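Participant: Sharing a structure with you now.
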Amino acid sequence: MAIDVTDATFQKEVIEKSIVTPVIIDLWAQWCGPCKTLGPILEKLTAATQGKVILVKVDVDSCPQVAQAFQVQSIPAVYAMKDGKIVDGFVGAQSENVVEQFIKNLLPEQVVVDVKALLAKGDEASLRQALVAEPTNESVVVALADLLIARKDCTAALELLKTVPETERVRTAVAAARAAFVPQDDYDKQLTDLLVRVKTDEDAKREFLELLEKMGPNDPRTADYRKKLTARLF
């Protein structure tokens, strides 16, 4: 959707915003037939950038200061501004293909990520870069999870493995993470002490359950202690 700007709002809506996001300035007027043909094309194609390019409309009859600054002699006149400076422009109605290329030239260059090459490198930095590019790539997720498991960051590995569908390969990695899990707490002692009292002591049972919540479902001990609690109570 285009933003209508005036002489008073041009500084804020165009110049200042162009520091962050490219801005297309459509200089037009109500009486201009070609302007009414070009306007919808500009709106459609800038909307397709999903906010990467902003479109503003300037009615030259209502904004004499802006019209004078651009030395408007013919409309429609379209300009592109980045970092507070005019970087491109054209005059007259143009085809959709021409306008599309005009807008594409304003978009940041897309960096092509070679996920296979990053996966082949196998180091954590490369795998995390690959993960950003393809967050649901099973090979990348499992490879990164294996690195996390190797350094005993099993909780992070289990969280990562949750992001992809469960397959035999993922199940194997989950099992490895659980097997390598090394407790960094004294929950085992606390739970063991509480377990003998849970059947007759409500406070002990409540504390036992609170500890299980703290441990969370990724802690392989959680399921075991829940089974022990059920066996003790029933």
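The values are calculated or read from the model by the stated rules, or taken from the named source; none is laboratory data. Everything numeric in this text was worked out from a predicted model, so none of it was measured. Neighbour counts are summed over all protein chains in view; Cβ atoms, including those assigned to glycine, are modelled from backbone coordinates with ideal geometry.
Participant: Here are some conditions: (1) over 28 Å from E109 (Cβ atoms); (2) not in a helix (DSSP H, G or I). T37 meets all but one. Which one does it not meet?
Facilitator: So T37 meets the others, but not (2).
Participant: Same structure, new question: For the structure I just gave you, tell me whether E109 is in a helix (DSSP H, G or I) and either among the polar types (S, T, N, Q) or within 28 Å of the chain's Cα centre (by Cα) (or both). If you could, list the steps in order and put the result at the bottom.
Facilitator: Values: in a helix (DSSP H, G or I): no; either among the polar types (S, T, N, Q) or within 28 Å of the chain's Cα centre (by Cα) (or both): yes.
So E109 does not fit the description; no.
Participant: Tell me which residues, restricted to segment 198-234, are over 19 Å from D185 (Cα atoms), β-branched (V, I, T) and not in a loop (DSSP other than H, G, I, E, B).
Facilitator: Listed by number, the list holds a single entry, T230.
Participant: Continuing with the same structure: Just one of the numbered conditions (1) farther than 30 Å from L55 by Cβ; (2) in contact with a Leu (Cβ under 6 Å, 6 or more places away or on another chain); (3) not aliphatic (A, V, I, L, M) is not true of E100; which one?
Facilitator: (1)
Participant: What is the number of the single condition among (1) closer than 30 Å to P22 by Cβ; (2) at pLDDT 90 or above that V140 does not meet?
Facilitator: Condition (1) is where V140 drops out.
Participant: Identify all residues within segment 126-152 that are free of Cβ contacts under 8 Å to residues at least 12 places away in the same chain and buried (at least 16 other Cβ atoms within 10 Å of the Cβ); write none if there are none.
Facilitator: Across segment 126-152, the qualifying residue is only S126.
Participant: Tell me which of these T163 doesn't satisfy, since it passes every other one: (1) touching a helix residue (DSSP H, G or I) at 6+ places or on another chain (Cβ under 6 Å); (2) farther than 30 Å from P34 by Cα.
Facilitator: Evaluating T163 over (1) touching a helix residue (DSSP H, G or I) at 6+ places or on another chain (Cβ under 6 Å); (2) farther than 30 Å from P34 by Cα leaves (1) as the failure.
Participant: Return only the number of the condition from (1) at pLDDT below 95; (2) within 22 Å of Q73 (Cβ to Cβ) that M1 does not satisfy.
Facilitator: Every condition holds for M1 apart from (2).
For every residue, the table says whether it meets (1) in a helix (DSSP H, G or I); (2) touching a residue at least 24 places away in the same chain (Cβ under 8 Å).
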| site | (1), (2) |
| --- | --- |
| D26 | no, yes |
| I41 | yes, yes |
| T46 | yes, yes |
| Q68 | yes, no |
| I75 | no, yes |
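Participant: Moving on. Here is a list of conditions, (1) charged (D, E, K, R); (2) surrounded by 15 or more Cβ atoms within 10 Å (Cβ to Cβ); (3) assigned to a helix (DSSP H, G or I), and D88 meets all of them except one; can you say which number that is?
Facilitator: Here D88 clears every test but (3).
Participant: Testing K52 on (1) charged (D, E, K, R); (2) in a loop (DSSP other than H, G, I, E, B); (3) surrounded by 15 or more Cβ atoms within 10 Å (Cβ to Cβ), one condition comes back false. Which one is that?
Facilitator: If we test K52 against (1) charged (D, E, K, R); (2) in a loop (DSSP other than H, G, I, E, B); (3) surrounded by 15 or more Cβ atoms within 10 Å (Cβ to Cβ), just (3) comes out false.
Participant: For segment 20-49, name all the residues that are surrounded by fewer than 17 Cβ atoms within 10 Å (Cβ to Cβ) and of a type in the set (D, E, K, R).
Facilitator: K36, E43, K44
Participant: Please verify whether segment 76-85 includes one or more residues that are at positive phi and either out of contact with any Lys or Arg (no Cβ under 6 Å at 6 or more places or on another chain) or surrounded by fewer than 15 Cβ atoms within 10 Å (Cβ to Cβ) (or both). So that I can check it myself, show each step before the final result.
Facilitator: Of the residues in segment 76-85, the ones at positive phi are 83-84.
Cutting the leftovers down to either out of contact with any Lys or Arg (no Cβ under 6 Å at 6 or more places or on another chain) or surrounded by fewer than 15 Cβ atoms within 10 Å (Cβ to Cβ) (or both) gives us 83-84.
Within segment 76-85, one or more residues are at positive phi and either out of contact with any Lys or Arg (no Cβ under 6 Å at 6 or more places or on another chain) or surrounded by fewer than 15 Cβ atoms within 10 Å (Cβ to Cβ) (or both).
Participant: To continue, here is another question. Which one is surrounded by the fewest Cβ atoms within 10 Å (Cβ to Cβ), of the residues in segment 2-19 that are under 12 Å from S62 (Cβ atoms) and among the aliphatic types (A, V, I, L, M)? Outline the logic, then answer.
Facilitator: From segment 2-19, those under 12 Å from S62 (Cβ atoms) are 4-10; that's our starting set.
Cutting the leftovers down to among the aliphatic types (A, V, I, L, M) gives us 5, 8.
Numbers: V5: 22, A8: 10.
My answer is A8.
Participant: Of the residues A69, A93, which is of a type in the set (G, A, S), more than 31 Å from the chain's Cα centre (by Cα) and over 21 Å from T21 (Cβ atoms)? Give the derivation first.
Facilitator: Values: A69 fails: over 21 Å from T21 (Cβ atoms).
Step by step, each of A69, A93 is checked, and only A93 is of a type in the set (G, A, S), more than 31 Å from the chain's Cα centre (by Cα) and over 21 Å from T21 (Cβ atoms).
Participant: What about V98, is it part of a helix (DSSP H, G or I) and either surrounded by 15 or more Cβ atoms within 10 Å (Cβ to Cβ) or touching a residue at least 24 places away in the same chain (Cβ under 8 Å) (or both)? Outline the logic, then answer.
Facilitator: Working: part of a helix (DSSP H, G or I): yes; either surrounded by 15 or more Cβ atoms within 10 Å (Cβ to Cβ) or touching a residue at least 24 places away in the same chain (Cβ under 8 Å) (or both): no.
So V98 fails the test.
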